[in-house]
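The block underneath contains the structure these notes are about, expressed in structure tokens.
We did not get these values from a lab; they are worked out from the coordinates using the rules stated. Note that the structure is predicted; figures quoted are calculated from it, not measured. Positions of Cβ are generated from backbone atoms using ideal geometry, with glycine treated the same way; all protein chains shown enter the neighbour counts.
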Amino acid sequence: MRIVCPFCGERELGEFTYLGDAKPVRPVAGAPEDEVFDYVYLRDNIAGVMEENWYHGGGCRAWLKVTRNTLTHEISLVEPAAGAGARHVVK
Amino acid sequence: MNSSQSHRLTSGGLIDRSAALNFRFDGKSFAGFQGDTLASALVANGVKLVGRSFKYHRPRGILTAGSEEPNALVELRTGARREPNTKATTAELYEGLEAASQNRWPSLRFDVMSINQLFAPIFVAGFYYKTFMWPAKFWEAVYEPAIRRAAGLGRAAGIADPDHYDKAWAHCDVVIAGSGPTGLAAALAAGRTGARVILCEEDFALGGRLLSDGGTIDGLPAAEWLSRTLAELATMPDVRIMTRTTLFGAYDGGTYGAIERVNDHLPSPPEHQVRQRLWRIVAKRCVVAAGAIERPIVFAGNDTPGVMMASAMRSYVIRYAAAPARRVALFTNNEDGWRTVETALGAGLQIAAVIDARHDISPAHRSLASKGGFPVLHGSVSGVDSGKDGVRKIAVSLTGGARAEVEADGLAVSGGWNPAVGLTSYHRGRPKWREDIAAFVPDGAPPGMVAAGAATGSFGLGACLREGFAAGTAAAHDAGRSGSSGSMPVSDDEAFSLTPLWHVAGKGKAFVDQQHDVTASDVELAQREGFESVEHLKRYTTLGMATDQGKTSNVAGLAIMAAVSGRSIPETGTTIYRPPYVPVAIGAFAGHHRDETFHATRLTPSHHWAAEQGAVFVDTGLWKRAQWYPRAGEKDWLESVTREVKAVRSGVGFCDVSTLGKIDVHGPDAGAFLDRVYINTFSNLAVGKARYGLMLREDGLVYDDGTTSRLAEDHYFLTTTTAKAGLVMQHLEFCRQVLFPELDVQLTSISDQWAQFSIAGPKTRDLLKEIVDPAEDLSNEGFPFMGAREVALRGGIKARLFRISFSGEMAFEISVPARYGEAMARNLMLAGKPFGVTPYGTEALGVMRIEKGHVAGPELSGTTTAADLGLGKMMSTKKDFIGRVMAGREALVAPDRQVVVGVKPTDKASRLRSGAHIIPKGQTPGPSNDQGYVTSVCFSPTSDQWIGLALVERGRERIGEIVHAHDPLRGEDYDVELCNPVFYDPDGGRQRG
């Protein structure tokens, strides 16, 4: 598999580390335990198109959101995480 | 020496008759020529019996002339280079080659195990499951060893492989598998457009079937066209032709696996060269021009030496000028098989008869027969009578029921051709059935791949050139090359007619899979017993599971299954195709990752100095760390370690701790960021101060620990454990980039940039004064416990100095740029001489941390909470942090959790070992009263006995209780007392002093 890192270009799988489903959003401080439990443990495992977190540890150390078809391994979109890269983040 | 080459034809062949090569097979000497394979050289020497079969130990010969060979497997080379199951048909001959037949004892001609044939009824499909079921314990002790001796193929060398294997990447526009007419046409077309092309050919010679079947292309004889084409390709700088290279797999994203047998054709690789190279080829497009494989017809005795594929016989005669037989019979069901008759006649061989299963035979072939004076029999071969050298008489069932007999010493068989659908099917593709050629052809292919020529079922030379050229042109254009591909090579299309014939009923064993000894009756039995699905058929009978992966057998097997189960062949379907297409040595996948280069080795900055001191090193992850520094006269490691601990506790010592993960955290939100990743607060840490921090995973369990110092308002310096250095960096980047992108903070890994030393002991300050610029105030007031700041060293180098202590002594850690690490170690030794400075290793470090009750790897086990470690009070209640909510779950705050406590044997002379289970005193050990285990132990010079840390249920409430340590692995049982985990200086006065 090959992933086109937005910062480094096309690189092979071995440079990346897979984390999993990129959909769940970390609950805000003070969220009830059930909500946090869902965030920590409940993950979709879709046979099809899925957004996933990947880490380019063998390259620029950016976290990437990769849209991948888990059946064909076709990657349709790679986006940097909101806080990746050098661009200034507006508070 | 036998150099007669009795079956070598007097002229022709792509062999160099001026380069004779001597070789040995089963200890007998033979000769062949440069350009021979081992198989062709054996054929030239009249050797027909080459091995014994897998289950029944039947004599076997050479069936094919390529990588699909099921029978002619040998052990090639000797000693450490001995390679089992090598196909004689692909092994290139070299001077001094040594090969041995497999699966026979004591000799190939007289094999004791051929008695297995008499027991054939018990070796039927599924015999493992049926015969050896009871008693169960007999399986490992009796049945399996016996079966392994009787069945099986070659023997592995059993010695480490002395050769090197390499791995490499290549990138191109178009990769082409196969250099037959299709592949060459594709390479010409793509190459002319200016595309970057890689052409992989598994043979050592280019041309594929052109080398054996000839033909006319662009009005030229095939050989002439071939040399003209290769000359043109050689002028293209971006066309790379790789012979001895098999494209064996197709992977995601246009990545292809190829194995290059760089030096398999030599006795051993030349110095500094590799044996084989594993390629990963990244290509925008792939053209599969892998051709087709001629398939056998299954009949009784079809495994007799002397029975050979018709196309293979042509290869031996034309390409190698070697005659597999003097008097040849042909059994065919198609037009193509007749070429062998023409070839044999042309080489002056006798044709005994042609047995053709078809109704219509062309007038051209009829006149060939009458000219050649041999009969054409309508019917099928129903049996083979073998003499000691293989085929002798062939029994024929004629259409209409009569029988005939043909005397011949060789039988060429053609059952039609199966396109090589492996590569196109590796992404779980299923080939589709084409009725007109009675064969499976590709039905689609992985993205970017297209098949052409015989690989799609287009068997004519003209069609191969057309399809290859078109595929090459399209691939180059798809890859973005717009140049012209020039004019297409042209040839005629031969007619191809075939009447499907898979299995001829007859008496005796009729083999489907010759390498695994699977017979037609095994397939029928599998059907009767309900294993009708092809995937079940495969596993129940082991059809197609041998090293040839059923290249000559799978389709026949499922055709027979289709017939007996009353289904069509497409309804029966194929099994899943999986790479590799040919066996690939594990050594090639490993490449240089073996022995001391199995993984990278990381050396600490002071490594070479430590080695000079005679340090004993220990592997911790990739690192080599000094474990202890033995001195003359010390009888064991314990004596050295005890000395080092005492030296630190009474004087001063130092230890390289550079392996800790080190991360600089910069930015206005650095403090806020650390507050979210640690359970305790860092935003309120004063500049110039350090603080111990603990981080959890989001599920509430402890992840890692370390000290973090604030060097400036917007600059923190964070350390991690050695083991988690990389993972913590990844985790923190996730927090920064994904979870908290609103924070203005940056992380920089500086683990490799700084050398860090712990300097510990009551005389630390005396030593440091010799190192640090005298202007720096190192007094307790000027640099108090948990102070942290940049200092200048004597000579002007900037260093980071931290007053932190892992040992419990008055201690500092000092960081200098890594390039000064070794100099720092030497300087500490020199400056510390008056104070008796002692370098200490990881063992002494561990002893002192256990004495001090500090937790480390064994306690940060991924199952412990902050409270379990006695650090629950660090958890802030005033802020959110990773793991906060989940850490509050019922089970993680239960009062009966196993928590860290100290342990010491009641008998002071007794040794303590980690892993021992803690059981209440007086109870019989068992899972129900297992209350924890000993995590870390050491001999404590300070306590003068073995001490340890343990995770024990309600441990902190039970201080003083005597419990039982049960160690079933080592067979040890002893009593221990639960105690305060801080064995040394519990009030911490020494580290603050």
Measure of compaction for the stretch A:2-80 (Cα Rg per 2.2 N^0.38 Å): 1.21
B:GLU224-A:SER76 FRET efficiency (beta carbon distance; Förster radius 45 Å; 0.05 resolution): 0.35
Acute angle (nearest 10 degrees) that the helix B:554-565 long axis makes with the longest principal axis of chain B, alpha-carbon atoms: 70 degrees
Relative contact order [Cα under 8 Å, 6+ residues apart], the stretch B:502-567, whole percent: 37 percent
Rounded if a/c under 1.5, otherwise prolate or oblate - the stretch B:300-376, Cα gyration tensor axes: oblate
Relative contact order computed over the stretch B:367-429 (Cα-Cα under 8 Å; 6+ residues apart), in percent: 20 percent
Debye intensity ratio in log₁₀ form over the Cα atoms of the stretch B:308-427, taken at each q of 0.17, 0.18, 0.21 Å⁻¹: -0.81, -0.90, -1.17
FRET efficiency estimate (nearest 0.05) - Cβ-Cβ, B:SER497 to B:GLU532, R0 35 angstrom: 0.65
Ranking of B:ASP522, B:ASP714, B:ASP868 by count of other Cβ atoms within 10 Å, fewest first: B:ASP714, B:ASP868, B:ASP522
At R0 = 51 Å, FRET efficiency that the Cβ-Cβ distance of B:SER18 and B:ASP166 yields, to 0.05: 0.95
Student exercise, the stretch B:602-733 dipole from Lys, Arg, Asp, Glu Cβ charges, in Debye to nearest 20: 440 debye
Computed [θ] at 222 nm, helices only, for the protein assembly as shown once each DSSP H run of length n ≥ 4 contributes -39500 (n - 2.57): -5500 deg cm²/dmol
Positive-pole candidate from B:GLY653, B:PHE734, B:ALA686, dipole of the stretch B:589-746, charges at beta carbon: B:GLY653
Rounded to 10°, Cα long-axis angle of helix B:363-372 versus longest principal axis of chain B: 80 degrees
Scattering profile of the stretch B:631-696 at q = 0.20, 0.21, 0.29 Å⁻¹ [log10 I(q)/I(0), Debye over alpha-carbon scatterers]: -0.87, -0.92, -1.29
Sequence of B:THR552, B:THR935 once ranked by neighbouring C-beta atoms within 10 Å, starting from the fewest: B:THR935, B:THR552
Over chain B, equivalent-ellipsoid semi-axes from the Cα gyration tensor in Å: 73, 33, 27
Relative contact order (percent, whole number), the stretch B:297-414, Cα cutoff 8 Å, 6+ residue spacing: 34 percent
Given charges at Cβ of Lys, Arg, Asp, Glu: chain B dipole, positive-most of B:ALA250, B:PHE598, B:ILE176: B:PHE598
Degrees between helix B:842-851 axis and first principal axis of chain B (Cα, 0 to 90, nearest 10): 50 degrees
Equivalent ellipsoid semi-axes - Cα gyration tensor, the stretch B:807-901, angstrom: 38, 17, 11
Distance in nm between pseudo-label sites at B:ILE962 and B:ARG594 (7 Å out along the Cβ direction from Cα): 5.7 nm
Hull shadow area, averaged, the protein assembly as shown [alpha-carbon convex hull, nm²]: 52.2 nm²
Point-charge dipole on Cβ atoms (K/R +1, D/E -1) for the stretch B:661-749, about Cα centre, debye to 20: 320 debye
Rounded to the nearest 20 debye, dipole of the protein assembly as shown from Cβ charges on Lys, Arg, Asp, Glu: 1340 debye
Area projected by the alpha carbon convex hull of the stretch B:661-749, averaged over all directions, nm²: 4.9 nm²
Distance from the stretch B:777-825 to the stretch B:611-638 (C-alpha centre basis), Å: 25 Å
Cα-based shape type of the stretch B:895-992, given that a ≥ b ≥ c are square roots of the gyration tensor eigenvalues and the cut on a/c is 1.5: oblate
Residue pairs, from the table B:LYS87/B:LYS507; B:LYS662/B:LYS798; B:LYS28/B:LYS393; B:LYS646/B:LYS852, whose Cα atoms sit over 19 Å apart: B:LYS87/B:LYS507; B:LYS28/B:LYS393
Hull-based mean projected area of the stretch B:502-567, where the convex hull spans the alpha carbons, in square nanometres: 4.0 nm²
Computed lengthening from B:GLN34 to B:ALA364, 0.36 nm per intervening residue step minus Cα-Cα distance: 115.1 nm
Gap separating the Cα centres of the stretch B:827-868 and the stretch B:216-242, nearest whole Å: 70 Å
Rg over Rh [alpha-carbon atoms, Kirkwood Rh] for the stretch B:727-882: 1.01
